[in-house]
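Peer 1: Here's a structure for you.
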Amino acid sequence: MDEKILIPLDGSEIGEAALPYVEELVSKLSPRVKVELTLLQVVSLLTHYVAAGELMTPISYTDKEMEQIQQQARDYLNTVGEGRRSKKVSVKIEVRVGNAAEEIIKAADEMNVDLIAMSTHGRHGISRWAFGSVTDKVLHGSHKPILVVRAPKKAATDIAA
């Protein structure tokens, strides 16, 4: 029996909060159960802004810049995946471009995962309204089981500062 777990990561310490919980869950599974972890990062910022006097102009990334961004994401995911591979656990990485919540849901369906494990940044009020909640959108948009880990208070405080 194989289990597939999708872990969306955004490159932040808060984004990695679900990893220890997944590792603990995997350690409690029968030795006969093989686990495939897929570490996913979605590159969602397709433009950057350039100041021209008092105006901010959106500029699309070039193909070369997008490839660099995607390579940085792959390097990050490979670093996170190091040390997590074993006889019982295989680790795959996936980088996608698009809307984070939509791509997470799509990846979960395409890979037919058994679980999505992700953390929440714990934003409230105006910042949640302004930035939205990828976790909330995945919770409401996916039919897959989802393990949601609340960000540690220290890390959430560091982000707010």
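Peer 1: Out of curiosity, is Ser30 polar (S, T, N, Q), surrounded by fewer than 17 Cβ atoms within 10 Å (Cβ to Cβ) and under 20 Å from Ile116 (Cβ atoms)? Show your work before the answer.
Peer 2: Numbers: polar (S, T, N, Q): yes; surrounded by fewer than 17 Cβ atoms within 10 Å (Cβ to Cβ): yes; under 20 Å from Ile116 (Cβ atoms): no.
Against the criterion (polar (S, T, N, Q), surrounded by fewer than 17 Cβ atoms within 10 Å (Cβ to Cβ) and under 20 Å from Ile116 (Cβ atoms)), Ser30 does not qualify.
Peer 1: Just checking: which of the helices (runs of 4 or more DSSP H) contained wholly in the stretch 101-161 hold 1 or more residues that are at pLDDT below 95 and at positive phi? It would help to see each step written out before you state the result.
Peer 2: Details: elements: 125-131, 134-141, 153-160.
Filter on the stretch 101-161 gives 125-131.
Peer 1: Still on this structure, I have one more. From the residues in the stretch 9-24 that are touching a residue at least 40 places away in the same chain (Cβ under 8 Å) and over 12 Å from Val149 (Cα atoms), which one is nearest to the chain's Cα centre (by Cα)? I'd like the intermediate steps shown before the answer.
Peer 2: Step one: list which residues in the stretch 9-24 are touching a residue at least 40 places away in the same chain (Cβ under 8 Å), which gives 9-19, 21-23.
So of that shortlist, the ones also over 12 Å from Val149 (Cα atoms) come out as 9-13, 23.
Details: Leu9: 2, Asp10: 5, Gly11: 8, Ser12: 9, Glu13: 11, Glu23: 16 Å.
By that ranking, first place goes to Leu9.
Peer 1: So, one more: Under 7 Å by Cβ, and 6 or more places apart or on different chains, what pairs join a residue from the stretch 95-107 that is over 10 Å from Ser142 (Cβ atoms) with one that is among the hydroxyl-bearing types (Ser, Thr, Tyr)?
Peer 2: As it stands, the answer is Gly98/Ser44; Asn99/Ser44; Ala100/Ser44, since those pairs meet every condition given.
The values are calculated or read from the model by the stated rules, or taken from the named source; none is laboratory data. Small disclaimer: the values here were computed from a predicted structure and weren't measured. All Cβ positions, glycine included, derive from the backbone under ideal geometry; neighbour counts span all protein chains shown.
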